[in-house]
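Worksheet: the structure to be examined is printed underneath.
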Amino acid sequence: MARTAVLGLPRVGPDRELKFALEAFWAGRDDAEALEATARELRRAGWEQAAAAGIDVVPSGDFSFYDQMLDTAWALGVVDGETLEDYFAHARGTATRPPLEMTKWFDTNYHYLVPELRADQPFALRAEHWTGPLREAAALGLMTRPVVIGPYTFLRLSKGTKPPLSALVPVYAELLRELAAAGATEVQLDEPGLALDDVPAAEYAEAFAELTRAPIDLCLATYFAPADPVVFTLPAAELHLDLVRAPQQLGAALRAVTGRLSLGVIDGRNVWAADLDVALERIDAAVAALGTDRVTVAPSCSLLHVPYSAARETGLDAEIRPWLAFRDEKLAELRTLAAALDGDRDALLAPARAVVSARRTSGHTNDPAVRGRAGGLSPADYARSAPFPERHAAQRARVPLPELPTTTIGSFPQTPEIRAARRDLKAGTLAPEAYERFLRAQIAEVVSHQEQVGLDVLVHGEPERNDMVEYFGEQLDGFAFSRFGWVQSYGSRCVKPPILYGDVSRPQPMTVRWWQHAQSLTEKPMKGMLTGPVTILQWSFVRDDQPRGETCTQLALAIQDEVRDLEAAGAFAIQVDEAALREGLPLRRADQDAYVRWAVDAFRLTVATARPDTQIHTHMCYSEFNEMMEHIVRLDADVLSIEASRSDMEVLDAFAGELDYPNEIGPGLYDIHSPRIPSVEELERLLELAERRVGRERLWVNPDCGLKTRGWAEVRPALTHLVAAAQRRRAAVRV
């Protein structure tokens, strides 16, 4: 029988135990020992549950208190410190030190912290990060396979003046020897960076050959895209390929590999029950070429990206729930596939085949009215009625704004009181009418605060929203929602992605009444706040039975209906957030253009009906824009806000190059993911840097993201400083 393996496991806990333990530690309610105890329990449960499910190769060393790239930097001596407080200082910053830059892990919604390297970077191994969990599992009677981010991926995802790959080989070789001495027989070397363009094949082959000298088997794991062909030539004991994202690479692998082949045939990033017949076709091809002893059956990537158990979701529609496979169900699918190689396939696969057939024929997935509307679109439906210069003039005539206008991205603190009121509403202990009054009072407080601070364009603060995607999904047809479907985004930040299972439409207005209430409280312009179609798509578990571009078009038409209603209600400014536009970019350049075209088209379709004097804003997170600037220009948003503070405004270089971005832009001046309160001087310095790159006449002043995760004790002084910095720059000579 072929063996089964898992590349990584969820770590936040089925009930977000890690989140609550982290926050208790940061708040000083619990000590490091309590946090470590929670971590040990989560690791134990994950290992034992995987082993009980019959998985042959169980991972260790993949658990993290915050992020695996930070862990690797810590364990290689790239970042300093000895204590947990020191470790978290790199992730969250301190009063005197900003945190490391944060960005998305390839094209997922998981964030990682970006190590900063230099050409003469010293390395000092702390092998205990991997040997500790290995021994911990062994004490439970479990043999595990350590998971280590490979040297190429670590370098590729770091920033700064990087040392050559050969500089990391000695420290990685030392780690492999330490793991062998601690009892490991094989190590999983995660190298998703080998699925990117421009891999230095000869350099990597030389480095990998050096690592194979260690007395331990190396499983080289690639995922998220087709691996560079160099992987087929390497002397790996096992090569793992993502055959969900890139099934086309199987043939080349079967012709070339000399060791075991790990087949990533179960989707590690989505929640749909697998078509096991399709998976078995790929496994059969590998077994025919290599034999069962050289085949491993695995998910496409780590199961970090999926929740724990669909069986717990008893509140879901009874027809939809069987379509889902979270961690537990995916482990069962792996065992079914392995058993089917030698067993009665019809009997073993009958339940899975019934699920696939039911989903394919369900009326839940097909709305003729939605499909007819999308099918009737023409090119004219994707463009606004006037070019930006005309719109800019019309908007300034309608609402005159000062130089360097100030605003925020949308959300304000989700206080304990707001969360408690939401829980009480769900529990039935707070009447809907009382909840409505509570939210209106919260909005009034937010509006009053913004007026006191002196912001120019206000927001209502979004107290009614649990999440920027979930809130909208709950009001759109075609979505389902789990109760326990939490996944980690970074650190203690968890999200519960909507499950987009069918055709999408908007039955009724979703935000208009909240905007109307907020606007009635002020004479200043109040932004309408919407989440864009690409971000809803990217931050949901999306149906896999039709092209993503088709689903995104349906989302765009649904949000377009909300844009129309906000405008009809009198909104001057409407922000359609596309925080996730960049993260959806395929990893290979050859695949990127098609994605960006339909993604940008979806945004354009969403706002195309807006009048010239309606100001359309959008916001993007953690984005590197250089390779897609022409598409950012084609978005044609009147105002684009981006996260820029952690890069010290370097991200603006893309907007000040040959293309010279023509519209208005708001580079985030401070990092809202850190509890730091930036000084006026710090903000003024960053604003001056921004002016030097794009010019004062096109600049807006704002934080780099929404403020929902911060407390009022941080938000009030930070925004006061923000406005003061803008006022200082207005009074200063133009740079």
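Give, in nm to one decimal, the length gained when the segment between ALA52 and ALA594 is fully stretched (0.36 nm per residue of separation minus the Cα-Cα distance).
Answer, rounded to one decimal: 190.8 nm.
Please sort by residue number the GluC sites (Glu not before Pro) in segment 648-720 whose DSSP state is loop and whose Cβ has at most 12 other Cβ atoms within 10 Å.
Of the GluC sites (Glu not before Pro), the ones in loops of segment 648-720 whose Cβ has at most 12 other Cβ atoms within 10 Å are GLU658.
Hey, what did segment 3-364 get for relative contact order, percent, Cα under 8 Å, at least 6 apart?
Result for segment 3-364 is 16 percent.
Would you mind checking the tilt of helix 416-427 against the longest principal axis of the Cα atoms of the chain, expressed as 0 to 90 degrees and rounded to 10?
That helix lies at roughly 70 degrees to the long axis.
What is the set of long-range amide H partners of VAL295 at a cut-off below 5 Å, with H atoms built 1.01 Å from backbone N?
Sorted by chain and number, the residues that satisfy this are ARG3, LEU261.
Given a cut-off of under 8 Å on Cα pairs at least six residues apart, what relative contact order in percent is computed for the chain?
Relative contact order comes out at 13 percent.
Which order do SER378, SER64 fall in if you start with the one that has the fewest other Cβ atoms within 10 Å?
Ordered from fewest to most neighbouring Cβ atoms within 10 Å, SER378, SER64 come out as SER378, SER64.
Which ³J(HN,Hα) values, rounded to whole Hz and listed in residue order, are derived for segment 341-352 from phi using the Karplus coefficients 6.51, -1.76 and 1.60 in 6.51 cos²θ - 1.76 cosθ + 1.60 with θ = phi - 60°, glycine and proline given as x?
5, 10, x, 7, 4, 4, 6, 5, 8, 4, x, 5
So what is the 222 nm mean residue ellipticity for the chain from helices alone, if each DSSP H run of at least 4 adds -39500 (n - 2.57) and you divide by all residues, rounding to the nearest 500 deg cm²/dmol?
The helix contribution divided over the chain gives -12500 deg cm²/dmol.
Quick one: compute a quarter of the convex hull surface over the Cα atoms of segment 453-731 and quote it in nm².
Approximately 14.7 nm², given one-decimal rounding.
Looking at segment 122-156, which trypsin sites (Lys or Arg not before Pro) are DSSP coil and have at most 16 other C-beta atoms within 10 Å of their C-beta?
Qualifying residues, ordered by number: ARG126.
What is the packing order of peptides 422-430, 331-339, taking the mean over residues of other C-beta atoms within 10 Å and listing the highest first?
Descending mean neighbour count gives 331-339, 422-430.
So for segment 453-731, averaging the separation of alpha carbon pairs under 8 Å that are six or more residues apart and normalising by length, what relative contact order in percent results?
Relative CO of segment 453-731 lands at 14 percent.
Of the labelled options (i) 0.96; (ii) 1.07; (iii) 1.04, which one gives Rg/Rh (Cα atoms, Kirkwood Rh) as computed for this structure?
Only one listed value fits the structure, namely (i).
Taking a virtual spin label 7 Å from the Cα of ALA124 along the C-beta vector, which residues in segment 54-79 bring their backbone nitrogen under 16 Å of it?
Counting backbone N atoms under 16 Å from the label point, the list is 73-79.
Using R₀ = 41 Å, calculate the FRET efficiency as 1/(1 + (r/R₀)^6) where r is the Cβ-Cβ separation of VAL230 and GLU433; round to 0.05.
Taking R0 as 41 Å, the efficiency between VAL230 and GLU433 is 0.05.
Which entries of LYS524/LYS708; LYS330/LYS426; LYS19/LYS426; LYS162/LYS330; LYS162/LYS708 show an alpha-carbon separation above 28 angstrom in the structure shown?
From the list (LYS524/LYS708; LYS330/LYS426; LYS19/LYS426; LYS162/LYS330; LYS162/LYS708), the Cα-Cα distance tops 28 Å for LYS330/LYS426; LYS162/LYS330; LYS162/LYS708.
Say R0 is 60 Å: what FRET efficiency, to the nearest 0.05, do ALA237 and THR96 get from their beta-carbon distance?
Taking R0 as 60 Å, the efficiency between ALA237 and THR96 is 0.80.
Kindly put HIS305, HIS460 in sequence by how many other C-beta atoms sit within 10 Å of each C-beta, fewest to most.
Ranking HIS305, HIS460 by Cβ neighbours within 10 Å, fewest first, gives HIS305, HIS460.
What order do you get for 399-406, 291-298 when each peptide is scored by the mean count of other beta carbon atoms within 10 Å, highest first?
Ranked by mean Cβ neighbours within 10 Å, highest first: 291-298, 399-406.
Extension gain ARG483-ARG40, at 0.36 nm per residue separation less the Cα-Cα distance, in nm?
157.0 nm
Say each of ASP381 and GLU474 gets a label point 7 Å from the Cα, pointing the same way as Cα to Cβ; how far apart are those two points in nm?
About 3.0 nm, to one decimal.
Can you tell me which of 190-196, 21-27, 71-77 comes out highest on packing, and rank the rest after it, using the mean Cβ neighbours within 10 Å?
Going by the mean number of other Cβ atoms within 10 Å, highest first, we get 190-196, 71-77, 21-27.
Gap in Å between the Cα centre of segment 249-289 and the Cα centre of segment 25-66?
Cα centroid to Cα centroid, the span is 29 Å.
Quick note: the coordinates plus some simple rules give every number you see, no bench work behind them. This is a predicted model, so every value here is computed, not measured. Counting neighbours? That spans all protein chains shown, and the Cβs are built from the backbone with ideal geometry, glycine included.
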